[in-house]
1. How many of the residues making up segment 1-26 are assigned to a helix (DSSP H, G or I) and either closer than 24 Å to P71 by Cα or over 14 Å from the mean Cα position of the chain (by Cα) (or both)?
2. Residue under question is V171, and the condition is that it be free of Cβ contacts under 8 Å to residues at least 24 places away in the same chain and among the β-branched types (V, I, T); does it hold?
3. Going through segment 99-129 one residue at a time, which ones are surrounded by 17 or more Cβ atoms within 10 Å (Cβ to Cβ), near the ligand (Cβ under 9 Å from one of its atoms) and part of a helix (DSSP H, G or I)?
4. If a residue must be of a type in the set (A, V, I, L, M, F, W, C) and within 10 Å of the ligand (Cβ to nearest atom), how many such residues does segment 54-79 contain?
5. Among the listed residues L96, L88, L51, identify the single one that is part of a loop (DSSP other than H, G, I, E, B) and under 24 Å from A181 (Cα atoms).
6. Have a look at T145, T82 and point out the one that is polar (S, T, N, Q), more than 10 Å from the ligand (Cβ to nearest atom), surrounded by 14 or more Cβ atoms within 10 Å (Cβ to Cβ) and within 27 Å of L20 (Cα to Cα).
7. Specify which of the listed residues (D13, D43) is closer than 20 Å to I103 by Cβ and of a type in the set (D, E, K, R).
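The values are calculated or read from the model by the stated rules, or taken from the named source; none is laboratory data. Bear in mind the structure is a predicted one, so any value in this text is a computation, not a measurement. Neighbour counts are summed over all protein chains in view; Cβ atoms, including those assigned to glycine, are modelled from backbone coordinates with ideal geometry.
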Amino acid sequence: MTTFGYEQSLGYDRRATRLLTGLYRRIAADVDTRAPDSATVIDLGTGPGKLLAHLATRRPDLHLHGIDLSPHMIEIARRAFTEQAVELAVADVAELPHPDASIDVAVSSLSMHEWPDLPAAVAELRRVLRPGGGAAIYDFRFARTREIRRALGAVFGTVEIETVRLPWHPVAVITCYRVTA
Ligand SMILES: C[S@@+](CC[C@H](N)C(=O)[O-])C[C@H]1O[C@@H](n2cnc3c(N)ncnc32)[C@H](O)[C@@H]1O
């Protein structure tokens, strides 16, 4: 499996800052309304950690975690969090280094369509979520939609689906999949 190399990760970091701020703001606002005080939140496939940075500013009470398969992405994310305590790790979503039932809210942006083994990743997501905890997975609207829906539904039952239109974009290109443990 190929992962983001160092130059590619730096390039993504620059583009994400320029193009995706509206999406990160939207997801951070979503998590803000759903995460209880001092909740433990994980960003799956965090890349350079942009969403975590928005969350850290908006909700300093949260215990933030981020994982990514690419060590270069995690290296770049680490540089962004010299002040705040954000737990970052190189890991595959299908093999999370977190204990069972340790996460209140899981979130992910533009990553799930890249996960090679969706059933294994979703089983892992279910394992780490606390009973009553939830996940909001934002991804491209036309990328592996049916497969993602099927994998989430097989483990969580109900999958709420929302089409997300960002303020600056003429067409809705993002889908949010929401599940509860
Ligand atoms: C398009 S980037 C999105 C990064 C970030 N979530 C954002 O919105 O800016 C996709 C990220 O998913 C990560 N990724 C892909 N497959 C993964 C897997 N199996 N486990 C963990 N991370 C994965 C990639 O390394 C990459 O950093």
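1. As a first pass, look at segment 1-26 and keep what is assigned to a helix (DSSP H, G or I): 6-19, 21-26.
Among the residues that remain, those that are also either closer than 24 Å to P71 by Cα or over 14 Å from the mean Cα position of the chain (by Cα) (or both) are: 6-19, 21-24.
Total satisfying the criteria: 18.
2. On the way: free of Cβ contacts under 8 Å to residues at least 24 places away in the same chain: yes; among the β-branched types (V, I, T): yes.
It is true that V171 is free of Cβ contacts under 8 Å to residues at least 24 places away in the same chain and among the β-branched types (V, I, T).
3. Scanning segment 99-129 gives M112, A121.
4. Count: 6.
5. On the way: L88 fails: part of a loop (DSSP other than H, G, I, E, B); L51 fails: part of a loop (DSSP other than H, G, I, E, B).
L96 is the lone residue from the list that is part of a loop (DSSP other than H, G, I, E, B) and under 24 Å from A181 (Cα atoms).
6. Working: T82 fails: surrounded by 14 or more Cβ atoms within 10 Å (Cβ to Cβ).
Going through T145, T82 in turn, the sole match is T145.
7. On the way: D13 fails: closer than 20 Å to I103 by Cβ.
D43 is the lone residue from the list that is closer than 20 Å to I103 by Cβ and of a type in the set (D, E, K, R).
Results for (1) at pLDDT 95 or above; (2) of a type outside the set (A, V, I, L, M, F, W, C); (3) on the phi > 0 side of the Ramachandran plot, shown as yes or no for each residue.
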site	(1), (2), (3)
L20	no, no, no
D30	yes, yes, no
S38	yes, yes, yes
L55	yes, no, no
L62	yes, no, no
